[in-house]
Amino acid sequence: MSPLPNHLRELRREAGARHTTAPASIPWAPMPSPSLPAHLQRLLQLRTHRSGTLGTPPSTDREVPGEEIAPGLHYTEAWMDWPPPAASIDARFARVGEPVARAHLLHFDTETTGLAGGTGTRAFMIGAADWIDSRLRVRQLTITSMAAETTMLRMFAGWLHTQSVLVSYNGKSYDAPLLATRYRLARLPNPLIGLRHLDLLHPVRRHWKGVWANCRLATAEHRLLGVVREDDLPGAQAPAAWLHYLRGGSAANLRRVLQHNAQDLKSLAGILACLAGMDDRAG
């Protein structure tokens, strides 16, 4: 065997030195991924600066509920006993003249990386609830990697059909436009186009603006359904919970986001049934 050239021998010696020399004790620090949007990169850097450390070691609590149906995409499904609306719903409360079939309702809600919207904001969780034989089925998709977003969008599109009627709370202004942007950036057709959409925020405002302190979903579910959330993670904290998990942190708060999202969907179904059963529909 011919001897190695001098420059290769030097590289080998340097590599051996790097592997045999004990590294200095440096606190573990995750490096921001180049695929993260700019505002998440800034958030990572800001939190590291404020903490005064290079971060915390990866957590051993990394369990995300559900089945990993594709790399980085988790699916959960639950069935709930919940008072269903009538099989044919009078939707005049939402200024929709034609009755809506209960079987066509798809309540949906997203958890996102920020509340400002725009191309840098993405949904890391999409939840949807529909009625199957008078029982409420709740399905949730959660991504634990950026690369799984397109698969999540395709999966959600498969839950929709031409007769689907969307039900949301402020979804016309936030969730639907955000998803439209994500579908466009993923070069996928937007499955929400052309579907009827019952945004419950608007009839709630028409009836109770100025009567209640505010018309947020938490207020509506409490006043109309008697729902009191215990140990609920506020939706505004969802981005931090997901980002913490991406950095190698505990999945505990991400599991709380799933619970929060499931309750949102359950409350959407309850509020719709309450509004549809009201006598005064002219508000």
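Residues that are touching a residue at least 24 places away in the same chain (Cβ under 8 Å), assigned to a loop (DSSP other than H, G, I, E, B) and either under 17 Å from G66 (Cα atoms) or out of contact with any Asp or Glu (no Cβ under 8 Å at 6 or more places or on another chain) (or both) within segment 121-154 comprise T121, S134, T144, S145, listed in sequence order. Taken over segment 191-247, the criterion of being without any contact (Cβ under 8 Å) to a residue 12 or more places away in the chain, part of a loop (DSSP other than H, G, I, E, B) and either among the small types (G, A, S) or touching a Ser or Thr at 6+ places or on another chain (Cβ under 9 Å) (or both) is satisfied by G210, A213, G226. Does V211 count as surrounded by 15 or more Cβ atoms within 10 Å (Cβ to Cβ) and more than 19 Å from the chain's Cα centre (by Cα)? It is false that V211 is surrounded by 15 or more Cβ atoms within 10 Å (Cβ to Cβ) and more than 19 Å from the chain's Cα centre (by Cα).
So which residues in segment 172-190 are touching a Ser or Thr at 6+ places or on another chain (Cβ under 9 Å), of a type in the set (G, A, S) and either loosely packed, with under 13 Cβ neighbours inside 10 Å or in a helix (DSSP H, G or I) (or both)? The answer is A176, and nothing else.
In segment 109-120, is there at least one residue being surrounded by fewer than 21 Cβ atoms within 10 Å (Cβ to Cβ) and in a helix (DSSP H, G or I)? Looking through segment 109-120, none of the residues is surrounded by fewer than 21 Cβ atoms within 10 Å (Cβ to Cβ) and in a helix (DSSP H, G or I).
One residue alone among F124, F93 is buried (at least 20 other Cβ atoms within 10 Å of the Cβ), at negative phi and modelled with pLDDT under 95, and that residue is F93. Take D279 and decide whether it is at pLDDT below 95 and over 18 Å from T110 (Cα atoms). It is true that D279 is at pLDDT below 95 and over 18 Å from T110 (Cα atoms).
The values are calculated or read from the model by the stated rules, or taken from the named source; none is laboratory data. Please read all numbers here as calculations on a predicted model, not as lab measurements. Note that each Cβ is placed from the backbone with ideal geometry, even for glycine, and that neighbours are counted across all protein chains shown.
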